[in-house]
Amino acid sequence: MNHLTFDLQKPLDFIAIGRLCIDLNANEINRPMEETVTFTKYVGGSPANITIGMSRLGMKTGFIGRVADDQMGRFIINYLKKNNIDTSNVITDKSGSVTGLAFTEIKSPTDCSILMYRDNVADLKLEPKDIKEDYIKQAKVLLISGTALAKSPSREAVFLALDYARKHGVVVFFDLDYRPYTWNSLEETAIYYNLAAEKCDVIIGTREEFDIMEQFESNRNDDEKTAKRWFDYQAKIVVIKHGKDGSIAYTKEGEKFKGKIFPANVIKTFGAGDSYAAAFIYGLMQGWDIPKAMEYGAAAASIVISSHSCSDAMPTLKQIEDFIQKYKNDPIVTK
């Protein structure tokens, strides 16, 4: 069953909007950051990682965002270009802003944390006037993510992009991507997340992220109720992720699909959600059924958490298919 209809006449497959930043991943792993001396620099930010993932899968992609007018900003633009991502709508911010930095601490494969530098960051300076209706109109898919809603003027820019997408039949994906920093309160988070989610066709997030959105609801932590709530608006598919227990997708028609889980040689936990989203969205755009799209998403997630980087590790289609083939007869995966 095709839950989503993509306009095949549109020249761009996928555009994302929002956070472009730098990941500095600890080289000395399995120790606290206090003892970490060296880091490797990568492009980061959830929407950036998903766009890089989509591009690696052969999709024609673009990005809407702002970077700082410095070496880090230029590094990001060059990396996007090298990955065949259209940067015509990535603006260099001239206000004296800086590029957001995420230092990652890898204490153990399951104990990872991120130290964020997010003061005066360029990506939150995105303005409504930066959003070109004609650019969004050209895309089959627009992806928004939660962090861009945390502050004005970026928040208004995203809402304007959502309006243009709805007006021109662009399928909208919402990667919840909740990060507590940059938000003032849980109430503020819930209100803006909910307003944005009402305008989206597919909503993807962890159980914890949906709980934060349900601040004002009396019965939280119920996947079926969570999904059903969004089907009263635009949503056709809601995916709720449960970490190592896999994910569950719900459809407006009342279907429910539990995703597979693949083994992984886990180095770190971050990056899994971004690679999952890229492969899942790719699968839906190919017209695959939801279980197959979820399977490719799960395989992509396992590949990325087994690697040191997020963006650099985004897999190609062949890498995902080889990985799935490797575990084809594994009873844990096939059950």
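Go ahead and run the numbers for FRET between residue 113 and residue 7, Cβ-Cβ distance against an R0 of 41 Å, rounding to 0.05.
Once the sixth-power term is evaluated, E becomes 0.50.
Averaged per residue, what accessible surface does the chain expose to a 1.4 Å probe, in Å²?
42 Å²
How much length would be gained if the chain were fully extended between residue 129 and residue 187, taking 0.36 nm per residue of separation minus their Cα-Cα distance, in nm to one decimal?
So the extension gain works out to 18.1 nm.
Report in % the part of the accessible area of the chain that belongs to carbon and sulfur, leaving out ligands and nucleic acids; probe 1.4 Å.
That share works out to 50 percent.
Working out 0.36 nm times the residue gap between residue 328 and residue 92, then minus their Cα-Cα distance, what length gain in nm do you get to one decimal?
80.4 nm is the gain from fully extending residue 328 to residue 92.
Given all pairs of different Cα atoms, what value in angstroms does the Kirkwood hydrodynamic radius of the stretch 229-335 take? Mind dumping the intermediate values first?
Numbers: mean 1/r = 0.0710 Å⁻¹.
About 14.1 Å for the stretch 229-335.
Sequence gap at least 6, Cα distance under 8 Å: using those rules, report the relative contact order of the stretch 145-284 to the nearest whole percent.
Dividing the mean separation by the residue count of the stretch 145-284 yields 17 percent.
Sort 293-303, 244-254 by the packing proxy (mean of other Cβ within 10 Å over each peptide's residues), most packed first.
On the way: 293-303: 26.4, 244-254: 16.5.
The densest-packed peptide leads the list: 293-303, 244-254.
Output the peptides 199-206, 143-150 sorted from most to least packed, where packing is the average of other Cβ atoms within 10 Å over each peptide's residues.
Answer by packing, highest mean first, reads 143-150, 199-206.
Given a Förster distance of 35 Å, report the FRET efficiency between residue 258 and residue 318 from their Cβ-Cβ distance, rounded to the nearest 0.05.
After rounding, the FRET efficiency stands at 0.85.
Could you give the distance between the Cα centres of the stretch 156-191 and the stretch 236-296, to the whole Å?
Measuring centre to centre over Cα atoms gives 21 Å.
Accessible surface of residue 123 in the full protein assembly, 1.4 angstrom probe, to the nearest 10 Å²?
10 Å²
Modelling each spin label as a point 7 Å along the Cα-to-Cβ direction, I'd like the residue 82/residue 166 distance in nm, to one decimal.
Distance between the two pseudo-spin positions: 4.0 nm.
Find the relative contact order for the stretch 127-174 and round it to a whole percent, using C-alpha pairs within less than 8 Å whose residues are 6+ positions apart.
On the way: 59 pairs, mean separation 24.7, N = 48.
Relative contact order for the stretch 127-174 comes out at 52 percent.
At a Cα cut-off below 16 Å, give the lysines reachable from residue 260, other chains included and same-chain residues fewer than 8 away excluded.
Result set, ordered by chain and number: 241, 244, 292, 326, 328, 335.
Work out how far the C-alpha atoms of the stretch 240-289 reach from end to end along every principal axis, then list the three figures in whole Å, largest first.
Cα extents, longest axis first: 38, 22, 15 Å.
Using Cα-Cα distances under 8 Å and only pairs 6 or more residues apart, what relative contact order does the chain have, in percent? Don't skip to the end; give the middle numbers.
Details: 753 pairs, mean separation 57.9, N = 335.
Relative contact order of the chain: 17 percent.
Magnitude of the Cβ-charge dipole of the chain, K/R +1 and D/E -1, about the Cα centre, nearest 20 debye?
760 debye
Extension gain residue 208-residue 41, at 0.36 nm per residue separation less the Cα-Cα distance, in nm?
Result for the pair: 57.3 nm of gain on full extension.
Can you bin the chain into rounded, prolate or oblate? Criterion: square roots of the alpha carbon gyration tensor eigenvalues sorted a ≥ b ≥ c, rounded for a/c under 1.5, prolate for a/b above b/c, oblate for the rest.
Taking the square roots of the gyration eigenvalues as a ≥ b ≥ c, the chain is rounded.
The values are calculated or read from the model by the stated rules, or taken from the named source; none is laboratory data. Small disclaimer: the values here were computed from a predicted structure and weren't measured. Methodologically, a virtual Cβ is constructed for each residue, glycine included, from the backbone with ideal geometry; neighbour enumeration extends over all protein chains shown. In case anyone asks, the SASA skips ligands and DNA or RNA and just uses the protein heavy atoms, side chains included. Shrake-Rupley method; radii C 1.70, N 1.55, O 1.52, S 1.80 Å.
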